[in-house]
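Report on the following structure.
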């Protein structure tokens, strides 16, 4: 347990459940902002954390005040006044400098819209991740996920998937700190955090509709934190680093086709099209990768690209496979081409791009395991 965790636990003893949550959130926010302000002044993180806790006062004193008053004791108000004085006396306080904004990206949507898409604040993300032993902090202008024994996972890794930076709204009605245009909150999402973990090689597993790290479970995929995406879309994102790694092993003319970048082009598979049930020699609840090779026109040439979707076998051991696909072009325009299942990797590689050659590949429950491009033959 960290020094901050021990302090917060002692401070909130004797409060009701609701009071503990509210007080903890307010204190965590204050400690985080104070630590960041001190670090921007050149203080180490360890010293800054100790200073922030010292300024709040002894845990026993704060705890007595909280139990007596039901809210954070007056010291925080005094500290807020000191911060306001700094704003008034300085043309550009260190706290609100560009370095404070580093690691986050602007979004031209409202906070309400971000929330509707399942976005959560960095503070809320920390509360969700803390019981799992996962930290989320800003380090030298980058947001990092940390866990003992695992590599740090940076938000905004240059990698496949949707491992994006935290974002903030730039619309006029966005809540900001006084006298500045600095947003009060940065936002991320649970799918984004999980995508960054798999991109960094964390051994996440899917079991019974829930993602696990070892024995620790993340919220169910049907939870509000994942409301903006289907289960299939979430699984596809989380398996994407392993999918890309497997496609990199293909011959140059088949897989490495992202123009000058040398990376496979991957697009989602549209499940809204007409589909049919395909029975597989597998039991229920097994993850299956549908991998379709198609062609895309660019500068008078046809380049292969891949449509991918991770599905879950139903109670009969079946999945729903699209009957046809539509090439990208003008909205609603383009030839529908039947999907052709191939029984071997060799035949799939040799198939013309016009056939939408598809393979069904069994995956393991661990999302970072290497994927063998060995197709399953339907029953």
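Over all Cα pairs of region 161-225, how is the pair count split among 10 Å bins, expressed in % and running from 0 up to the last occupied bin?
With 10 Å bins starting at 0, P(r) equals 19, 37, 23, 17, 4.
For the peptides 280-288, 118-126, what is the packing order when you average, over each peptide's residues, the other Cβ atoms within 10 Å and list the highest mean first?
Top to bottom by mean Cβ count within 10 Å: 118-126, 280-288.
Over region 102-229, what is the mean sequence separation of C-alpha contacts under 8 Å (at least six apart), divided by residue count, expressed as relative contact order in percent?
28
How long are the three semi-axes of the equivalent ellipsoid for region 102-229, computed from the Cα gyration tensor as the root of 5 times each eigenvalue, in whole Å, largest first?
Result for region 102-229: semi-axes of 26, 17, 12 Å.
We did not get these values from a lab; they are worked out from the coordinates using the rules stated. Keep in mind the model is a prediction, meaning the values are calculated, not measured. A quick note on method: Cβ atoms are made from the backbone with ideal geometry, for glycine too, and the neighbour counts reach across all protein chains shown.
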